[in-house]
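Here the structure comes first, spelled out in structure tokens, and everything after it is commentary.
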Amino acid sequence: MNLQYALGIAGLTLAVGIGTAAFAGPDEDKLVINDVIEMITEAPAPEHVKQLGTIYSGWRFRTDDTQALEADDFSNPAMLAVDAAAEAFSKVEGEAGKSCASCHEDVSKFKGLAPSMPKVVDGKVVVFEDMINSCRTNNMKAEAWKWNSDEMQGMVALIKNQSRGMPVNVTIDGDAKPFWEKGKEMYYTRYGQLELSCANCHEDNYGNMIRADHLSQGQINGFPTYRLKQAKLISVHNRFKGCIRDTRAETFKEGSDEFKALELYVASRGNGLSVETPAVRQ
Ligand code: HEC
Ligand code: HEC
């Protein structure tokens, strides 16, 4: 679709203005974390997103400075929250007198879980935040953590970090199919006064500049992500919310069924890329 045209009609050319002249695709840099873990930041697009040809991690669209922060755990600002979560993992809380470690021993036991997430269990899309809060409230008799809290996002990051480097491999058929279809429909729905879908920006225009931002494919393999602008770890749903708000639309809530279905769909568009958590973005 012709984005300039659509925006022109809306009379909002200045509000968004995507510059095709400044096209610069992903760079050629290689991401090797701590000089040891080789990350897959580029892969053939999975069969269900053939239109992309190749999928790229958002890391490939960032400046050298931002890239460098993620490449080394000592410079990665997200690691503070991850370290705090590692301590919280063995901290006893709640009326049952238990910590995560009482039942799960070591967080490394969760290695291999992140690539398959989100997944459908008992007819519902389950994301990490659900698993963690269900354990906190049912198993620990402790209070649920707020979705966007540092505690919650730090714990999600810690658990996903155990699988860092492993390729994303989300299931899209079977029980997952109806949720995946719903997420896909959302991805191609035009929202807001600007009438823009996720695909208009992240599929049709990745590589282009939008204001001062280099548009990526909007992959979520690095979430929760440390955003320099917000100076904290950001959840997938918080990022979705921000993007939908930018189209001047009403948006869904963190933890809503809509965002869970969208998370499942968007995660599957990254099947083949390494889990990069915690990524660093602008
Ligand atoms: C009283 C025991 C208990 C405590 C305490 C507990 N859990 Fe669990 N947790 C379980 C059980 C049982 C399951 C479901 C079986 C399984 O998958 O391991 C589970 C499942 C999970 C899963 C999903 C695993 C999967 O493979 O699907 C995650 C993630 C998790 N717990 C994280 C945590 C975290 C983080 C904490 C601390 C905040 C915690 N749990 C505290 C017992 C516990
Ligand atoms: C008006 C254009 C626009 C629309 C529409 C849009 N986004 Fe974005 N999105 C951006 C920009 C700009 C960024 C920051 C640069 C980047 O990472 O691509 C971004 C970033 C992201 C990121 C972070 C990527 C990373 O590597 O950390 C995700 C995920 C994302 N968008 C998902 C979505 C989803 C899902 C939708 C639809 C609900 C959507 N976006 C709609 C412009 C848009």
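Return yes or no: is Tyr226 in a strand (DSSP E or B) and at pLDDT 95 or above?
yes
Working only within the stretch 116-136, note down all residues that are within 8 Å of ligand 1 (Cβ to nearest atom) and farther than 19 Å from Gly270 by Cβ.
Val121, Met131, Ile132, Ser134, Cys135, Arg136
For the structure I just gave you, tell me whether Asp73 is in contact (Cβ under 8 Å) with a residue 40 or more places away in the chain and under 30 Å from Lys30 (Cβ atoms).
yes
Quick test of your reading of the structure: Ser163 fulfils all but one of (1) closer than 26 Å to Ser149 by Cβ; (2) away from ligand 1 (no atom under 16 Å from the Cβ). Name the failing condition by number.
Ser163 satisfies every listed condition except (2).
Name the one entry in Gly218, Gly183 that is in a helix (DSSP H, G or I) and either at pLDDT 95 or above or within 16 Å of ligand 1 (Cβ to nearest atom) (or both).
Gly183
Scan the stretch 229-240 residue by residue and report those that are in a helix (DSSP H, G or I), near ligand 2 (Cβ under 9 Å from one of its atoms) and more than 8 Å from the chain's Cα centre (by Cα).
Within the stretch 229-240, just Phe240 meets the criteria.
Looking at the stretch 107-114, can you tell me whether even one residue there is within 16 Å of ligand 2 (Cβ to nearest atom), surrounded by 15 or more Cβ atoms within 10 Å (Cβ to Cβ) and under 18 Å from the mean Cα position of the chain (by Cα)?
yes
Residues checked against (1) of a type in the set (Ser, Thr, Tyr); (2) in contact (Cβ under 8 Å) with a residue 60 or more places away in the chain; (3) farther than 27 Å from Gln230 by Cβ:
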| residue | (1), (2), (3) |
| --- | --- |
| Thr137 | yes, no, yes |
| Val156 | no, yes, no |
| Arg164 | no, yes, no |
| Pro167 | no, yes, yes |
| Ala176 | no, yes, yes |
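Confirm whether Tyr191 is farther than 19 Å from Ser149 by Cα, surrounded by 19 or more Cβ atoms within 10 Å (Cβ to Cβ) and not assigned by TED's automatic domain parsing to the domain that holds Val126.
yes
Six or more apart or on different chains, Cβ under 6 Å: which pairs go from a residue in the stretch 183-203 that's over 14 Å from Lys241 (Cα atoms) to one that's within 16 Å of ligand 1 (Cβ to nearest atom) and assigned to a helix (DSSP H, G or I)? Could you list them?
Gly183/Leu264
Looking at Val82, Val121 in this structure, which one is β-branched (Val, Ile, Thr), surrounded by fewer than 16 Cβ atoms within 10 Å (Cβ to Cβ) and closer than 27 Å to Phe259 by Cα?
When all the criteria are applied, what remains is Val121.
Residue check: is Val170 away from ligand 1 (no atom under 12 Å from the Cβ), buried (at least 18 other Cβ atoms within 10 Å of the Cβ) and assigned to a strand (DSSP E or B)?
No; evaluated as a whole, the condition is false for this residue.
The values are calculated or read from the model by the stated rules, or taken from the named source; none is laboratory data. Nothing here was measured: the structure is a model prediction, and the numbers come from that model. Methodologically, a virtual Cβ is constructed for each residue, glycine included, from the backbone with ideal geometry; neighbour enumeration extends over all protein chains shown.
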